[in-house]
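Just below is one structure, and these are the notes that go with it.
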Amino acid sequence: ENAAYQAEFDARIDAGATIEAKDWMPEAYRKTLVRQISQHAHSEIVGMLPEGNWISRAPSLKRKAILLAKVQDEGGHGLYLYAAAETLGVSRDDLTEALLSGKAKYSSIFNYPTLNWADVGVIGWLVDGAAIMNQIPLCKCSYGPYARAMVRVCKEESFHQRQGYDALLAMMGGTDEQRELVQDAVNRWWWPSLMMFGPHDADSPNSGQSMRWGIKRISNDDLRQKFVDATVKQAEVLGVTLPDPELKWNEARGHYDFAAIDWDEFWNVVNGHGQCNVDRLAARVKAWEDGAWVREAAVAHADKQAAREKA
Ligand code: ACO
C-alpha cells in the first residue's frame, strides 16, 4: 500500500504540485521539513535580539517606530513558521525545548554583535537582503503550508531590507564619522551574510534530497552568487566598499568572482562558539522563564472556561 502512496507522492512532486498537511508523505520528507522549518522559526525568534538591542537607542522617533515594527514582524514570522511546523505533527513546546536546550540550530548570522546604529541598517540591507534571496524560492516550496507562510514573510522582509538601506543612505549623507560607522559595519557583516546561505553545495549534506523533493529550488551556492551579483551595485550607490579585494566582474561567467569564505569561522559559529551564542540562548531562556506566569494564567483561564461550559 505504501508503494502506491509513494508513487502518487513522487508523481505530484514531479508535476510541481503542492503537498498538503493531510496528504501522505514519506517520513524522511516530513522530518526534513520539520528540521528546516523549525530552524527557520528559531532564526526569526533569535533574530529579534541583535536589533532589539537598539530599539531604546534609535536616533529618532521615526527610526524607533520603524525598528519596533520590523522586530515585531520577525516575532510574527517565527509564529507563522512554528504553526507551519505544527501541521507536520510536532508540538511547539518540543520545538521550543530544542531551542532552549541548545540542541536546535538557528542561523549563524544572529550570533554576531550589533555594535553601533549602522549595524541596524546593515542588518536590514545585507542580512534581510540575503534572507529574501533565500526565501523567494521557498514561496514555491513543495510543502503548501511552508510555501504560503513564505509569501507573506517575503513581503515583510522586503520592507525590512528597504528600511535598512534607507537608514544607511541617511548616514552616508551625514558626517565623515557617520560614513565611517557604516563602512565599519559593512566590513563586519559582509562575510557572515555570505555564510547565511550555508556550506558549498558539494559540502551540503541535505541539498541533493531537498532539491529532488522541491523543498529547495535553488542551491546554496547559486543563491549566494545571486546575492553577491545584486549587492555590488547597491554598495556602489551607497558609496561603501565591500571588504573583498578579489571581488571582480567575470565577463566569461557573467557573475562576480569573490574570495574564499572562512568555513572554520562558519562551523565554529554554527557549533555554538560564536561571539554571542551564549548570550542569545541565555536571553531566550530568560524570556521563556519570565513568561511562565502568562502561560499559567492562560491555562487557568482555559480550565475555568471549560468547567463553566460543563456546569
Ligand atoms: N546557520 C546555521 N546553520 C546552518 C547555516 C547557517 N547559516 N547554513 C547551513 N546550516 C546547517 C544546516 O541547517 C544543516 O544542519 P542540520 O543538518 O544539522 O540540520 C547543516 O548546516 C548543513 O547544511 P545544508 O545541508 O546546506 O542544510 P540545508 O539543506 O537545510 O540548507 C539553508 C541550509 C539554506 C539555511 C536551508 O535550511 C534554508 O533555506 N532554510 C530556510 C531559511 C532560513 O532558515 N533562514 C534563516 C535566516 S533568515 C532570517 O531569519 C531573517
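The values are calculated or read from the model by the stated rules, or taken from the named source; none is laboratory data. All figures in this text were calculated on a predicted structure; none of them were measured in a lab. As a convention, Cβ positions derive from the backbone with ideal geometry for all residues, glycine included, and neighbour counts pool all protein chains shown. Ligands, DNA and RNA are stripped out before the accessible areas are found, and what is left, the full protein with its side chains, is counted by its heavy atoms. Shrake-Rupley method; radii C 1.70, N 1.55, O 1.52, S 1.80 Å.
Observations on the structure shown:
- The lone exception for Gly214 - which of (1) more than 18 Å from the chain's Cα centre (by Cα); (2) under 26 Å from Gln183 (Cα atoms); (3) open to solvent by less than 70 Å² (accessible area, probe 1.4 Å) it fails: (2)
- Scanning region 195-206 for residues that are open to solvent by less than 40 Å² (accessible area, probe 1.4 Å) and more than 17 Å from the chain's Cα centre (by Cα) returns a single hit, Ser204.
- Of all the numbered requirements in (1) within 14 Å of the ligand (Cβ to nearest atom); (2) open to solvent by less than 30 Å² (accessible area, probe 1.4 Å), Lys105 misses one, and that requirement is (2).
- Candidates in region 109-127 are the residues that are open to solvent by 10 Å² or more (accessible area, probe 1.4 Å) and assigned to a helix (DSSP H, G or I); of these, the one that is farthest from the ligand (Cβ to nearest atom) is Trp117.
- Count - residues of region 256-286 that are open to solvent by 70 Å² or more (accessible area, probe 1.4 Å), of a type in the set (Asp, Glu) and within 16 Å of the ligand (Cβ to nearest atom): 2
- Residues of region 217-227 classified as more than 11 Å from the ligand (Cβ to nearest atom) and open to solvent by less than 10 Å² (accessible area, probe 1.4 Å), total: 1
- Of all residues in region 157-169, none are at pLDDT 95 or above, open to solvent by 50 Å² or more (accessible area, probe 1.4 Å) and closer than 29 Å to Phe9 by Cα.
- Members of region 70-122 that are free of Cβ contacts under 8 Å to residues at least 12 places away in the same chain and more than 18 Å from Ala147 (Cα to Cα): Gln72, Ser91, Arg92, Asp93, Asp94, Glu97, Ser101, Lys103
- Subset of region 133-154 that is open to solvent by 30 Å² or more (accessible area, probe 1.4 Å) and among the β-branched types (Val, Ile, Thr) - its residue that is nearest to Lys226 (Cα to Cα): Ile136
- Listing of helices (runs of 4 or more DSSP H) fully contained in region 1-102 that carry 1 or more residues being open to solvent by 40 Å² or more (accessible area, probe 1.4 Å), in contact with a helix residue (DSSP H, G or I) (Cβ under 7 Å, 6 or more places away or on another chain) and of a type outside the set (Asp, Glu): 48-52, 61-86, 92-100
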